[in-house]
Amino acid sequence: MALRFEVLGRFNRARAAQLTLPHFVCQTPLFMPVGTQGTIKGLTTNQLEEIGCQIILGNTYHLELRPGSDLIDELGGLHKFMNWPRALLTDSGGFQMVSLLHLADITEKGVTFQSPVDGKPMLLTPEQSIEIQNRIGADIIMALDDVVKTTITGPRIEEAMYRTLRWIDRCIAAHKRPNEQNLFGIVQGGLDPVLRDICVRGLVDRNLPGYAIGGLAGGEDKDSFWRVVAQCTAALPEDKPRYVMGVGYPLDIVVCSALGADMYDCVYPTRTARFGTALVPEGILKLKQNAMANDVRPIDPTCMCMVCKNYSRAYIHSLVTKDAMGSQLLSYHNLFYMMKLSRDLHASIVEGRFPEFVREFLQNMFPKGNVPEWVCNAMEVAGIDIAACCSPFPAPKIGLEALVSPMVQQRFSQMNNHSLLSSINQKLK
Amino acid sequence: MLSILNNLANRALAKTGEREAEAMKFGIKAWRNGGRERVGSLDLVNNNAAIETPALVLTTRKGLPTYISPDLLPSVASPDSCLLQASPLHFLDSASPKTISNIGGLHQLVSLHGYSFTAAPRDSILCLPEYESTNKMGASFETTCGRRLIKPAEYMELVSALNPNLWATLADEVPAWVSEKRNKTSVDRTVRWLDECIALDKVGSRNVLGAIVGGSSIEQRVRCAEEVTRRNVSGYWLGGFGLGETMEERPALLCAVTDILPTERPRQISGLDLPEEVLQGVASGIDLFDSTYIYHLTLGGYALTFPLNRNERRISDEGNDIKINLKATIYRKDTSPIIDDCRCYTCQNHTRAYINHLINVHEMLAQILLEIHNTHHYLGFFRAIREAIKEGEFDLFHENFVEIRHDHMTAVAANS
């Protein structure tokens, strides 16, 4: 164990904590930008520090390919190679292989795939993944898990979950630097609560420094998504960090934080910047639209970042998708937004005003009150009253629907009866 | 031999207008009897520090550097890095002149109030003069919006909206190999457009650089220069260079022009990119250099390494290199900075190995770091030039540099 996790404040399931890692002391909830190949696209480490970035994610698959974990090790580890003084997290490499490579095949041994360099068959085992991550030297390393898409059904999900548990033992055994690097286990099990439960118990038994909720953010419907997160956060230990992998959209981060998660990562903010989309309190702003060409306002009048303080939408519009500077400025703004969101989540929980923060967030994003149903359901479970953000109740309907209007649903919130809610929701579809 | 001339003010009466008109002051601080090179001080009277010349004008895209984001710009050897190029033609697509005016001009648009802009139509990267399509109505350019014919009116609309500190009039630039007749026409047109541009200028030609062309014909160059000096302009912009004339024929062409121009007005040139070309320009009395050298180096993965201290000849082979190619595998594990005692952000924070990796995985950070270093280094080169002129040793500096380059090329040839 090479971390300390101290909860500083709570609101129901949500918590704000201090996560002390070998290279940096972090405040959670936090968002981790993805620096796939040892850099966040278009930003210097100096700028990342300035906007308050605490942990960066590196992709083991890409880094092993180029420049190679041996080289990184020889040159003193990834922190030194990139000159990033704060914390780093590496994933196991498994996800990239499954999603990027043709004919990747998963067996008990590991993940077999075709080398992208010369087409030869290669194998990534749990042992190798951990060895590579040991050489890269990140503060947090991820176990190699058997990832399946949540859109798949059938026995494959169960197979993957049990294999993930068998592989965690191999990962633990292979881990050479437990006093400097924290090995997180990843909860799998698809959308099946029984499988998820087995996986959580299995991982918790191994007493790992932290836990991730994996296998989500892959196209499943939002309603299933939040329920899996809710189930896992309820079952995972209180005193250890919980990391929801691949999340994502600011709304998702707020909901998951309300449900008790602490850490997130996603390529979304930087990727969407390169397509000309900015993150704003109202949601998104597409700078490529013609309407932006003459709009002299900043991207977000409430944002204090260098881009919003100095540049107009019109100017950014003239740059986006044409000039590298456009990508850079938008990436800067989007990451600034995400770092501010992280800070706001932490501060509002510590200062005892988390529900107010959530309400304000939802009101900005859904000024007409059309908060999605899944968010309402999740907030109910999180015990956060967002009635003020939701639209006035619809006119009474005849029949069954009259019994289950939103107002009635909220009146039943004390029941905390998930299955009743879901069966009601099912009937409404 | 040093002699200092007094500053000569170049003021016109201030006109009342919507925007405050800015006069420009240029004075010679150091020169050598018998030489054309000079150190000058360009004061653009906008509350920013005066710029010492010969100076490098940094390339921009729509007013910002290609890769160096505005918050990183101050660290790149301020105050030297204060003079930026801007081509009005970058804004053909967007933003519209009206929007630019509404925002308050170029400085406000890119939020670089501490910097000065000099605008010329030609931008050797994105807006290349397309002489075959140019006609009496306007100059043709290959731009990012396709081939466009730019008339003086359209050009001046953009210049007025942008309100740069200095701007060059529209020119018909032709390459060195055109016929005499075509060349002569280019001079006629350029002079005519100069008059048109000045007539369209709302703030009263206080900061206008008269464009001088003439290809590779000394006669036409002289004719054009004589015409332009008869107009009321604040300085001169030498166009049509870097378009096919040889290194050998260039000095004569340059001097033919500068010998006619008044000493106390600044001269800017586009198209002299390489260090040796810059030195040719300095030797003939040019003050401002709009060079795309850094841009091309950066894109190619090159970092400048030539010694700036003109007395220093490094022992190692590599110390005499002009530049290194960080794509090369020899840098894979090189944990040294590009240059050991370089004070730029890149050298203070990153290694050759890291930049090599970034280039290989096609990450934008590679270009950002290289542009920072190369800009810093090239600005240092210009500083060294100014020091040499002040000490009356520019000829020696020039010779020394060419020799290093020659030795390096010989060594490279021998090794290959």
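The values are calculated or read from the model by the stated rules, or taken from the named source; none is laboratory data. Note that this is a predicted model, so its numbers are computed, not measured. Because the Cβ atoms are built from the backbone with ideal geometry, glycine has one as well, and the counts that use them run over all protein chains shown. For accessibility, only protein heavy atoms count, side chains too; no ligands or nucleic acids. Shrake-Rupley method; radii C 1.70, N 1.55, O 1.52, S 1.80 Å.
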Item to check | Residue order for A:I136, B:I260 - accessible surface, 1.4 angstrom probe, largest first | outcome: B:I260, A:I136
Checklist outcome for this item: Full extension between A:K288 and A:R177 adds, at 0.36 nm per residue less the Cα distance, a length in nm of 35.2 nm
Next on the checklist: Going Cα to Cα from B:K202, which lysines come in below 16 Å? Please leave out same-chain ones fewer than 8 positions away.
Outcome noted: B:K15, B:K98
Checklist entry - Can you work out ³J(HN,Hα) from phi for every residue in segment A:19-28, in order, using Karplus 6.51 cos²θ - 1.76 cosθ + 1.60 and θ = phi - 60°, giving whole Hz and x for Gly and Pro? => result 10, 9, 10, x, 9, 6, 9, 10, 10, 10
Item to check | Pair A:D73, A:K120: separation of 7 Å Cα→Cβ label points (nm) | outcome: 1.9 nm
Checklist outcome for this item: Ordered by number, the trypsin sites (Lys or Arg not before Pro) in segment B:330-369 that occupy a DSSP loop and have at most 13 other Cβ atoms within 10 Å are B:R343
Item to check | FRET efficiency for B:H408 and B:C145, using Cβ-Cβ distance with R0 set to 41 Å, rounded to 0.05 | outcome: 0.50
Next on the checklist: Longer than 19 Å from Cα to Cα, which of B:K136/B:K184; B:K136/B:K181; B:K62/B:K136; A:K322/B:K62 are they? Say none if no pair is.
Outcome noted: B:K62/B:K136
Checklist entry - DSSP beta bridges in chain A, what fraction antiparallel, as a percent rounded to 5? => result 50 percent
Checklist entry - How would you classify segment A:275-315 from its alpha-carbon gyration tensor, with a ≥ b ≥ c the square roots of the eigenvalues: rounded for a/c under 1.5, else prolate if a/b is greater than b/c, otherwise oblate? => result oblate
Checklist entry - Using 0.36 nm per residue, how much length does the chain from A:V296 to A:E159 gain when fully extended, once their Cα-Cα distance is taken away? => result 43.7 nm
Checklist entry - Amide H of B:L84: which non-local residues (sequence gap of 5 or more, or other chain) have their own amide H closer than 5 Å, using H built in the peptide plane? => result B:L58, B:S116, B:F117, B:T118
Checklist entry - Which whole-Hz couplings ³J(HN,Hα) result when phi for each residue of segment A:125-133 is put into the Karplus expression 6.51 cos²θ - 1.76 cosθ + 1.60, θ = phi - 60°, listed in order with x for Gly and Pro? => result 9, x, 4, 5, 4, 5, 4, 4, 5
Checklist outcome for this item: Residue by residue through segment B:268-279, the couplings from Karplus 6.51 cos²θ - 1.76 cosθ + 1.60 with θ = phi - 60°, in Hz, x for Gly and Pro, are 10, 9, 10, x, 9, 9, 5, x, 5, 6, 4, 4
Checklist outcome for this item: segment B:208-246 scanned against label point 7 Å out from B:K136 along Cα→C-beta; backbone N under 17 Å for none
Next on the checklist: Between segment B:319-358 and segment B:124-186, what is the separation of their alpha carbon centroids in Å?
Outcome noted: 39 Å
Next on the checklist: Restricting to DSSP H runs of at least four residues, report the calculated mean residue ellipticity at 222 nm for chain A, -39500 (n - 2.57) per run over all residues, nearest 500 deg cm²/dmol.
Outcome noted: -12500 deg cm²/dmol
Next on the checklist: Just to verify a number: FRET efficiency for B:D93 and B:A328, C-beta to C-beta distance, R0 = 35 Å, to 0.05?
Outcome noted: 0.40
Next on the checklist: I'd like the trypsin sites (Lys or Arg not before Pro) in segment A:185-258 restricted to DSSP loop residues with at most 16 other Cβ atoms within 10 Å, sorted by number.
Outcome noted: A:R206
Checklist entry - Taking a probe of 1.4 angstrom, what is the accessible area of A:T20 in Å², to the nearest 10? => result 30 Å²
Checklist entry - Among residues other than B:P337 whose Cβ falls under 13 Å from its Cβ, what is the net charge (Lys/Arg +1, Asp/Glu -1)? => result -1
Checklist outcome for this item: With only helices counted (DSSP H, runs n ≥ 4, each -39500 (n - 2.57)), the per-residue ellipticity at 222 nm for chain B, to the nearest 500, works out to -10500 deg cm²/dmol
Checklist entry - To the nearest whole number, what is the average tally of beta carbon atoms from other chains within 10 Å of the beta carbons of peptide B:357-369? => result 6
Item to check | Extension reserve of the A:E373-A:R166 stretch, reckoned as 0.36 nm per residue once the Cα distance is removed | outcome: 70.8 nm
Item to check | Sites A:Q363 and B:N33, calculated FRET efficiency, Cβ-Cβ separation with R0 60 Å, nearest 0.05 | outcome: 0.20
Checklist outcome for this item: Residues whose built amide H sits under 5 Å from the amide H of A:I186, excluding neighbours closer than 5 in sequence, are A:A143, A:A212
Item to check | For segment B:128-215, the Rg and Dmax computed from alpha carbons only, in angstrom | outcome: 12.8, 37
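Please compute the net charge surrounding A:I316, taking Lys and Arg as +1 and Asp and Glu as -1 over other residues with Cβ under 12 Å from its Cβ.
+3
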Item to check | Cα gyration tensor category, rounded, prolate or oblate, for segment B:339-416 with a/c compared to 1.5 | outcome: oblate
Checklist entry - B plus A alone minus the pair: what accessible area, both sides summed, probe 1.4 Å, in Å² to 100? => result 3300 Å²
Checklist entry - Rounded if a/c is under 1.5, else prolate if a/b beats b/c, else oblate: with a ≥ b ≥ c from the C-alpha gyration tensor eigenvalues square-rooted, which is chain A? => result oblate
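Can you pull the mean other chain C-beta count within 10 Å for peptide B:92-101? Write down the numbers at each step before the final one.
Details: counts 0, 4, 10, 13, 4, 0, 1, 9, 5, 0.
For peptide B:92-101, the averaged partner shielding equals 5.
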Item to check | Neighbour-limited loop hits for chymotrypsin sites (Phe, Trp or Tyr not before Pro), segment B:119-195 (at most 12 other Cβ within 10 Å; DSSP other than H, G, I, E, B) | outcome: B:W177
Checklist entry - Once amide H atoms are placed 1.01 Å from N in the peptide plane, what residues at a sequence separation of 5 or more from B:L288, or on another chain, have their amide H within under 5 Å of its amide H? => result B:A55, B:R267, B:Q268, B:I269
Next on the checklist: For the pair A:E108/A:K149, report the inter-label distance in nm, with labels modelled 7 Å from Cα in the Cβ direction.
Outcome noted: 2.8 nm
